[in-house]
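To start, the structure itself, in structure tokens.
The values are calculated or read from the model by the stated rules, or taken from the named source; none is laboratory data. Here the structure is a predicted model, which is why all the values come from computation and not from measurement. Note that we place each Cβ from the backbone using ideal geometry, even for glycine, and neighbour counts take in every protein chain shown.
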Amino acid sequence: MLIFIKIAWRNIRRNFYRSVITISSIGIGFASLFFIRSFIDGADHQMVENYTGLISGHIQIHSKGFQDNPGLKKSIRSPLEVTGALVKASGITAVSPRVKEYVLISSAENSGGALLMGVDPEQEVNVTSLHKHIRSGKFVSTDGQIVIGKTLARSLSVGINDKIVVVAQAFDGSLASESYRICGLLDTGAEEMDKGLAIVTLRAADQLFVLDGKVSEFAVRAGSLEKTDKITASIKRSLDPLKYEVLSWKEISPSLLQWIQFDVAFSDFLLLVILLVVAAGILNTLLMGILERVREFGIMLALGTKRRQIVLMIGIESLILGLAGIAAGFALGAGSSGYFAVHGINLSSFSAALDEYYTGSVIYPRISYGYPVIYGTIVLITSLIVSIYPAWRAARLNPVEAIRG
Amino acid sequence: MALIEIRGITKTHIEKSGVRTEALRGIDLTVNEGDFLSIAGPSGSGKTTLLNIIGALDSPTSGTVLFDGIDIGNTPTARLADLRLKKVGFVFQAYNLFNTLTAIENIEYIMVLQAKPPFEARKTAKALLERVGLSAHGDKQVNRLSGGEQQRVAVARALASGPKVILADEPTANLDSRTAANLIDLMRELNIEKNVTFIFSTHDKIVMDKATRLVLLKDGKILNG
């Protein structure tokens with residue numbers, strides 16, 4: 001075995017430049033795969049974190065049916081029952097109770113529809129980053145204040161400190177109406193929110209809709225995005241499924257999940273393309289090497305080398321080329337991904353589109369060492385598979401003809 | 001005692017164009033253990049074809065070759081490889097050593113194929129290198145050795161498997177006459193010392209003169225019965 005490794009290794013060294021080109025092509029392919037995957041993972045992670053961090057939270061708990069048919073009638077009537085279950089679940093870092101209802105907002109000059117959200121300011125800031133998106137003024141802190149989206153403010157022709165009136169139907173069916181003073185304008189970059197969201201305190205919303213302590217939902221922030229599914233399942237186990245629905249961000253925003261699945265499928269497609277390039281590179285090197293070494297293989301066969309030993313030797317060559325390429329590619333991929341994971345990739349020229357998808361204009365690749373192991377294994381297996389044909393050709397040589405050349 | 005018995009073998013090569021060439025036309029030959037036999041004849045007389053058939057590298061079109069009791073024509077390819085590995089040593093005109101390996105590794109190669117322990121293979125290879133007068137050159141890449149030295153390494157490699165017969169196809173063709181004579185002397189010594197049968201194909205007079213038995217081949221037939 002050792003002698004075959006020696007011959008394989010020395011053949012690689014003998015054809016130094018060709019081997020370097022092959023190793024480089026494998027390395028660049030692997031590094032590209034590593035980097036693209038890290039970039040996509042980073043972008044997806046940011047997208048989910050920004051989306052969940054902006055408004056939805058990682059998990060939401062509603063009364064059964066609220067997600068499909070939201071409204072005050074689907075309010076949670078026993079918030080204490082839910083908070084009791086949340087206290088029992090581990091891995092939760094923050095919880096914010098909310099009231100949500102569609103309302104009509106009027107200014108002196110105009111009126112428009114919006115989603116009014118009542119939040120406890122102290123708890124909400126730990127679940128979402130809405131407060132960080134106040135571009136002028138400040139977040140709500142008292143019951144007479146309201147924050148509205150900047151586009152909505154423009155359409156109502158109002159600004160900071162102006163009064164607006166909110167009109168809606170209360171829980172008991174009566175007409176609810178209250179005036180609030182604008183304390184801040186929201187600028188999230190997501191047009192949907194900037195033109196259709198208004199925020200008051202939870203108590204103000206409770207009074208407006210005559211809810212007597214009922215809430216529309218609890219938004220939950222998990223310790224990390226990766227733990228969301230586990231925590232969701234844990235909360236589900238503690239609550240009556242006939243009364244409550246516990247939704248992770250994947251269920252809250254299926255379109256976001258689909259987008260991420262598309263990204264994964266895209267990176268898998270790239271993997272396929274890169275594997276084909278890698279396979280072609282190795283195949284070319286091995287076939288060229290075999291054409292040059294026909295006589296050598298003929299001598300080996302004449303001396304009594306078994307065909308499977310020839311196959312083994314060519315397999316070892318391919319394995320060495322593959323391993324060297326993967327090592328080089330790993331260094332390059334981890335290096336570049338690691339650098340940009342710290343410094344970020346500034347894509348501000350695509351800022352508008354990226355904001356719309358909640359990605360943000362600076363992408364920080366996320367390095368997961370699981371994928372390089374999987375990709376490395378696939379590249380290695382590919383390099384072994386493509387060595388089968390050249391090895392088979394070498395092993396099937398007729399020694400007399402091969403020696404004769 | 002007969003080591004190789006060849007009875008009525010013919011070999012016809014058929015080119016892709018359909019042209020048939022009769023390389024051997026009814027050869028009968030018995031090679032005994034310990035023979036130092038030279039098969040001589042002009043180019044195209046069938047010397048190399050005969051040597052390839054004896055060495056189980058090729059099979060006859062008709063007739064039988066019994067090598068140490070094994071019928072080469074009726075033996076599967078994999079077993080022929082085994083036969084070559086254990087019973088036949090080859091010395092080629094162009095040396096045909098592995099340039100990626102050192103002299104000692106070239107000799108060890110055969111023993112590795114025979115699954116001998118590495119320590120034993122190294123010990124035997126060193127002894128063989130010393131026997132062919134190249135103990136100082138063991139760690140050199142073979143392409144840095146002279147033609148005569150490379151052919152000595154080839155002889156040592158051929159001996160490494162402990163063969164019954166060494167087949168040498170024009171072994172002196174690329175050597176000057178003095179080096180050729182020294183090489184043949186060395187082979188003769190080994191022939192006597194180890195009782196290994198040597199069969200040469202040659203048209204070199206030095207080789208023919210040193211041979212203990214001479215077979216003349218012309219147009220695929222043995223001339224001297």
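A few notes on this one:
- Residues in segment A:184-234 that are of a type in the set (Lys, Arg) and over 29 Å from the mean Cα position of the chain (by Cα) were compared, and the one that is surrounded by the fewest Cβ atoms within 10 Å (Cβ to Cβ) is A:203.
- For segment B:66-86, a residue qualifies if it is closer than 22 Å to residue A:395 by Cβ and more than 10 Å from every other protein chain (Cβ to nearest Cβ), and the qualifying residues are B:72, B:75, B:76, B:79.
- Put simply, of A:286, A:312, A:303, A:291 the only residue that is within 19 Å of residue A:396 (Cα to Cα) and touching a strand residue (DSSP E or B) at 6+ places or on another chain (Cβ under 7 Å) is A:303.
- In segment B:10-21, the condition of being over 14 Å from the mean Cα position of the chain (by Cα), touching a residue at least 12 places away in the same chain (Cβ under 8 Å) and outside any strand (DSSP E or B) is met by no residue.
- If you check A:265, A:279 for being in the same structural domain as residue A:17 (by TED's automatic domain parsing) and modelled with pLDDT under 85, only one passes: A:279.
- Test set (1) under 24 Å from residue A:307 (Cα atoms); (2) assigned to a strand (DSSP E or B) - residue B:6 fails condition number: (1)
- Residue within segment A:186-195 that is of a type in the set (Val, Ile, Thr) and more than 26 Å from residue A:248 (Cα to Cα) present: no
- Per-region count, segment A:282-311, residues surrounded by 17 or more Cβ atoms within 10 Å (Cβ to Cβ), away from chain B (no Cβ under 12 Å) and at pLDDT below 85: 5
- Where helices (runs of 4 or more DSSP H) sit wholly within segment A:324-405, those with at least 3 residues that are surrounded by 13 or more Cβ atoms within 10 Å (Cβ to Cβ), among the aliphatic types (A, V, I, L, M) and away from every other protein chain (no Cβ under 14 Å) occupy A:370-395.
- Filtering B:55, B:34, B:63, B:41 for residues that are within 14 Å of chain A (Cβ to nearest Cβ), in contact (Cβ under 8 Å) with a residue 12 or more places away in the chain and surrounded by 15 or more Cβ atoms within 10 Å (Cβ to Cβ) leaves a single hit, B:55.
- Residue B:157 being more than 14 Å from every other protein chain (Cβ to nearest Cβ), part of a helix (DSSP H, G or I) and at pLDDT 90 or above: no
- Of all residues in segment B:87-99, one or more are surrounded by fewer than 22 Cβ atoms within 10 Å (Cβ to Cβ), within 11 Å of chain A (Cβ to nearest Cβ) and more than 30 Å from residue B:25 (Cβ to Cβ).
- Test: residue in segment B:66-82 that is in contact (Cβ under 8 Å) with a residue 60 or more places away in the chain and at negative phi: yes
- Flag if residue B:91 is in contact with a Gly (Cβ under 8 Å, 6 or more places away or on another chain), within 20 Å of residue A:401 (Cβ to Cβ) and in contact (Cβ under 8 Å) with a residue 12 or more places away in the chain: no
- Test result for residue B:133, under 20 Å from residue B:189 (Cα atoms) and either in contact with a Gly (Cβ under 8 Å, 6 or more places away or on another chain) or within 14 Å of chain A (Cβ to nearest Cβ) (or both): no
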